[in-house]
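Read through the structure below, which is laid out as structure tokens, and then see the notes.
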Amino acid sequence: FMLYENVLELFMVVIIGVVIAALFEKYFKRISPVFPDNAFTAFLYASVLPVCSCTSIPLVKAMQEHISYRTVITFLVSAPLLNPYIVALTYRMLGFDYMVARIVASFAMAYSAGGLMEKLLEKPEVSFLSMQCVAKKNCSYRDNNIWNNSKSIFMQILPYIALAGGLSLAFEFTSPAKMVEYIPVGDGIFSTLMMVTLGVPIYLCNGADAIVLKPLSQFTDIGFGTAMSFSLTSNAICISSFVLLTKFLGIKHTVFLTSMIFISAVAIGTLLNHMPSLGF
């Protein structure tokens, strides 16, 4: 099961993202309304698509020539944080207040990450991946075959997928979800830092964090904000997506983005813990 979840499933979701990116390249590249034109619409687009962090990475390949770097980062961060299923599951497991707070917190994290990275960093030179020169004006060879383009991208990132799957599988043997049992949960800064530190590398998607947090909210003194910080980090990024991002964005930008996710999750969690009107 761990092999399937951390390796085979990773291969499948990345292939899906690559094929969708190739479809966008061929059929929607010249249709501007298809692409989000600012960070807010990127957040709305990402909040509707049922994709995880690893699937969303290839999707921005089809968008990157049409949208700003801020919009790219906003989409990458917000895509795994929200979709209709996650919103419904969060409401069912943790209540209306938590659902609303998660939507607001997800927007704050994604929007701030996109704005700061665009302001402080230049758009990475590695850009994204080439697709057989399709869409390049001065290219002597144009391949509009979706499967050829998908294969081209997949082969370029195959070593990164293998590395990401291996690292994720190795981390899974430490039983990271069970580590929550040994963290002194509460509403203090130490608990928030510990939950964020655990959430960054862990692989959770499609609202699985709500399932982990449900018993903690019932039987422990975990803070509302501490739980939120875990929700944000355990979905926004993981070991697998970190490795893939180094191929798409470069190491410098990937480390900066991960740091932004960590810092903003701690800040949001601390703020929510100090709002007495919020609680489970």
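The values are calculated or read from the model by the stated rules, or taken from the named source; none is laboratory data. This one's a predicted model, so the numbers in the text were calculated from it and none came from an experiment. Methodologically, a virtual Cβ is constructed for each residue, glycine included, from the backbone with ideal geometry; neighbour enumeration extends over all protein chains shown. Please note that ligands, DNA and RNA were not included when accessible areas were found on the heavy atoms of the full protein model with its side chains. Shrake-Rupley method; radii C 1.70, N 1.55, O 1.52, S 1.80 Å.
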Can you find, within region 198-229, the residue that is farthest from residue 259 (Cα to Cα) among those that are within 17 Å of the chain's Cα centre (by Cα) and free of Cβ contacts under 8 Å to residues at least 60 places away in the same chain? 208
Considering only residues that are open to solvent by less than 20 Å² (accessible area, probe 1.4 Å) and either at pLDDT 70 or above or small (Gly, Ala, Ser) (or both), which ones fall in region 142-182? 150, 157, 161, 164, 165, 168
Do you know which residues across region 220-235 are small (Gly, Ala, Ser) and out of contact with any Cys (no Cβ under 9 Å at 6 or more places or on another chain)? 223, 225, 227, 229, 231
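Yes/no per residue for (1) in a helix (DSSP H, G or I); (2) at pLDDT 70 or above; (3) in contact with a helix residue (DSSP H, G or I) (Cβ under 8 Å, 6 or more places away or on another chain); (4) closer than 18 Å to residue 78 by Cβ:
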site: 15; (1), (2), (3), (4): yes, yes, yes, no
site: 18; (1), (2), (3), (4): yes, no, yes, no
site: 23; (1), (2), (3), (4): yes, no, yes, no
site: 27; (1), (2), (3), (4): yes, no, no, no
site: 40; (1), (2), (3), (4): yes, yes, yes, yes
site: 50; (1), (2), (3), (4): no, yes, yes, yes
site: 54; (1), (2), (3), (4): yes, yes, yes, yes
site: 57; (1), (2), (3), (4): yes, yes, yes, yes
site: 60; (1), (2), (3), (4): yes, yes, yes, yes
Taking the stated definitions as given, is residue 234 touching a residue at least 24 places away in the same chain (Cβ under 8 Å), more than 23 Å from residue 166 (Cα to Cα) and among the small types (Gly, Ala, Ser)? no
From the set of residues in region 69-86 that are closer than 16 Å to residue 230 by Cα and in contact (Cβ under 8 Å) with a residue 40 or more places away in the chain, which is farthest from the chain's Cα centre (by Cα)? 86
